[in-house]
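What follows is one structure encoded as structure tokens, with my remarks underneath.
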Amino acid sequence: MNKKNYLVILSLKKTAMNDLAKKIEALLFVSGEGMSIPRLSALIKKSDSEIKSAIEELECHLADEHFITILRDGDKVSLVSAKEVSELVENFAKDEFAGELTRAALEALTIIAYKGPVKRVDIDYIRGVNSSFMIRNLMMRGLIERIRDQKDSRAYLYRVSPDFLKFFGLSSIADLPEYGVYASRLEEFIKEGEKIAAGEEK
């Protein structure tokens with residue numbers, strides 16, 4: 001962010017963020033993995049310049065009131081914890097990854113096992129909450145892996161890893177209890193959600 005734009009935004013820091021900045025914040029939050037400027041532009045139907053301006057406003061708002069900040073990687077932006085709480089976050093992560101799997105992590109792992117390869121948005125839909133941290137937890141433990149979505153090069157899919165099969169003593173994913181039954185139910189649940197979403201967009 002250049003100094004001129006920062007000062008302009010800073011002068012308005014007591015003013016609530018506009019709707020565009022709020023929409024970007026919401027999308028970055030649910031994304032978990034960050035989003036590119038073109039992707040945000042396409043979703044919100046605003047120009048790249050408008051998106052960039054709103055991101056600067058969001059960045060200023062977060063710096064002023066939160067321990068969350070914007071991470072930039074080329075044209076991709078994401079929400080991350082601020083350096084002021086890095087030690088706290090690191091200690092939390094160490095404790096979380098070293099202990100036993102939580103109920104939430106097991107829930108996410110079960111969905112990935114029976115439905116994978118699966119999009120994170122579908123995992124979120126089935127669970128009803130954001131699953132970014134749970135997925136990262138499972139990846140760091142080596143129980144799942146991330147692959148490119150062949151239908152959308154910008155997206156990823158998640159599936160269980162070979163270590164998952166070894167850990168549970170399975171020769172293949174089909175050896176999971178009632179694999180066909182639960183995989184089919186999850187597929188139906190996701191399709192029903194897609195129908196509802198499509199209906200709301202009309």
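Considering region 140-152, the residues that are touching a residue at least 12 places away in the same chain (Cβ under 8 Å) and not in a loop (DSSP other than H, G, I, E, B) include one that is farthest from GLY193 (Cα to Cα), namely MET140.
Kindly evaluate PHE167 against the criterion of being within 20 Å of the chain's Cα centre (by Cα) and of a type in the set (Phe, Trp, Tyr). Criteria not met by PHE167.
For region 120-134, does any single residue satisfy the condition of being farther than 26 Å from SER36 by Cα and exposed (fewer than 15 other Cβ atoms within 10 Å of the Cβ)? Checked region 120-134: no residue is farther than 26 Å from SER36 by Cα and exposed (fewer than 15 other Cβ atoms within 10 Å of the Cβ).
Across region 149-163, the number of residues qualifying as within 22 Å of the chain's Cα centre (by Cα) and surrounded by 12 or more Cβ atoms within 10 Å (Cβ to Cβ) comes to 8. ASP95 meets all of the listed conditions (1) modelled with pLDDT under 85; (2) out of contact with any helix residue (DSSP H, G or I) (no Cβ under 6 Å at 6 or more places or on another chain); (3) surrounded by 12 or more Cβ atoms within 10 Å (Cβ to Cβ) but one, namely (3).
Residues in region 96-120 that are in contact (Cβ under 8 Å) with a residue 40 or more places away in the chain, within 13 Å of TYR158 (Cβ to Cβ) and not basic (Lys, Arg): LEU109, ILE111, ILE112, ALA113, TYR114, GLY116, PRO117, VAL118.
Listed by position, the helices (runs of 4 or more DSSP H) contained in region 1-58 that have at least 1 residues being at pLDDT 90 or above and either not assigned by TED's automatic domain parsing to the domain that holds ARG154 or not basic (Lys, Arg) (or both) are 19-31, 37-44. Within the option set LEU186, LEU157, LEU170, LEU165, being at pLDDT 85 or above and touching a Pro at 6+ places or on another chain (Cβ under 8 Å) holds for one residue only, LEU157.
The values are calculated or read from the model by the stated rules, or taken from the named source; none is laboratory data. Worth saying up front: this structure is predicted, and the values here are computed from it rather than measured. Cβ coordinates were reconstructed from backbone atoms using ideal geometry, including for glycine residues, and neighbour counts include every protein chain displayed.
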